[in-house]
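Supplied in structure tokens, the structure appears directly below.
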Amino acid sequence: MITAESILFLVTLAAYFVTMLLYFLYVGIKKPVLSKLAIRVQFGALLVHTAAIVLRGIWMGRLPMANQYEFSTAFSWALALVSLVFILKFNFPVLGAFALPVTLLLAAHAGLMKLNELRVIAMNGADGIKNLMPALRSSWLGIHVSTVIVAYGAFGVSFVLSIIFLLRDRMKENGFWDQHIPKKEKLDTISYRCVSLGMMFLTVTIGFGGIWAENAWGSYWTWDPKETWALVTWVIYLVYLHLRIRKGWSGRTAAIFGVAGFVCVLFTYIGVNTLLPGLHSYK
């Protein structure tokens, strides 16, 4: 079963790569048929990716959300899903040309984790991968990790929209850009909605995480590096929302906050696990 899951994951990587190329060609050649094809391939890639995650869960006999590979692949899945929803909702296929490279990079990171996992299995068998440390043997695992995956996916789309916003002024005015990229005000509004969605789920994540931590370690908050950087990320987006709602704040500075917030998201996940080991640093 691990072989089937690995094959499906490789197919997913290839499909995301093809999707990215199709979006790039759409932007370069400006043929609507390419955007329609890219959307269909992205949808197909998501189906295959979903099948790989489900198969992983069946093989593990648990929710596949407990190590770096499983979270990385779920993170890329969430970004692909949320970006596709916004592409369809706002008829905005150009978003895919910016979102798919980020999705592919996250999936590639998962691929590196997968290679390391396969080496471990070849040397020591699958028991070391399947067996969870006591802190993770909890029904809170699914709730805590699934909410943070949705949050990170929404923040990822906000990051991509912020990049488009910052580049919008440098794009030459022509019929294609005017027709297929929303005006800056619209980009700002869509990004705000993504941040709002992400903040709702990140707040739930931190709250449930505190309850789980109290059950596992006897304390709601331990200032573990992962907890600390999750709080930093939450504060950055909270400041963004506060200034937006109370001061009518928008525009370039808000877009910079959107970029900075996602940089913190990436550091919270990848950087903390690599540089600042703690209670949340699972392999």
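Readers should treat all values here as calculations from the given coordinates under stated rules, not as data from a laboratory. Every value quoted in this text rests on a predicted model; they were computed, and no experiment measured them. FYI the Cβ positions are ideal-geometry reconstructions off the backbone, even for glycines, and counts take in every protein chain you see.
Which is farthest toward the positive dipole end of the chain among G61, N124, A15, measuring Cα position about the Cα centre, with Cβ charges +1 (Lys, Arg) and -1 (Asp, Glu)?
Ranked along the dipole, the leading option is A15.
Please arrange F208, F98, F165 by how many other C-beta atoms lie within 10 Å of their C-beta, fewest to most.
Fewest to most other Cβ atoms nearby, the residues stand as F208, F98, F165.
Kindly provide the Kirkwood hydrodynamic radius of the chain in Å, to one decimal, from all pairs of distinct alpha carbon atoms.
Evaluated over the chain, this radius sits at 19.7 Å.
On to the next question. Taking 0.36 nm per residue of sequence separation and subtracting the Cα-Cα distance, how much length would be gained by fully extending the chain between K30 and E185, in nm to one decimal?
Going from the current span to full extension adds 53.4 nm.
Quote to one decimal, in nm, the extra length available between N91 and T50 on full extension: 0.36 nm per residue of separation minus the C-alpha distance between them.
12.4 nm
Same structure again: Evaluate the relative contact order of segment 2-275 (contact order divided by residue number), counting alpha-carbon pairs under 8 angstrom at least 6 apart; express in whole percent.
Across segment 2-275, relative contact order equals 17 percent.
When the Karplus curve 6.51 cos²θ - 1.76 cosθ + 1.60 is applied with θ = phi - 60°, which whole-Hz ³J(HN,Hα) does each residue of segment 34-39 get, with x for Gly and Pro?
5, 5, 5, 5, 4, 5
If you rank C194, C264 by fewest surrounding Cβ atoms within 10 Å, what's the result?
Going from sparsest to densest Cβ surroundings: C264, C194.
Where does helix 225-247 land angle-wise versus the long Cα axis of the chain, in degrees 0 to 90, nearest 10?
That works out to roughly 30 degrees.
Counting just the Cα atoms, what span does segment 29-91 cover along each of its three principal axes? Round to the nearest Å and put the largest first.
45, 19, 16
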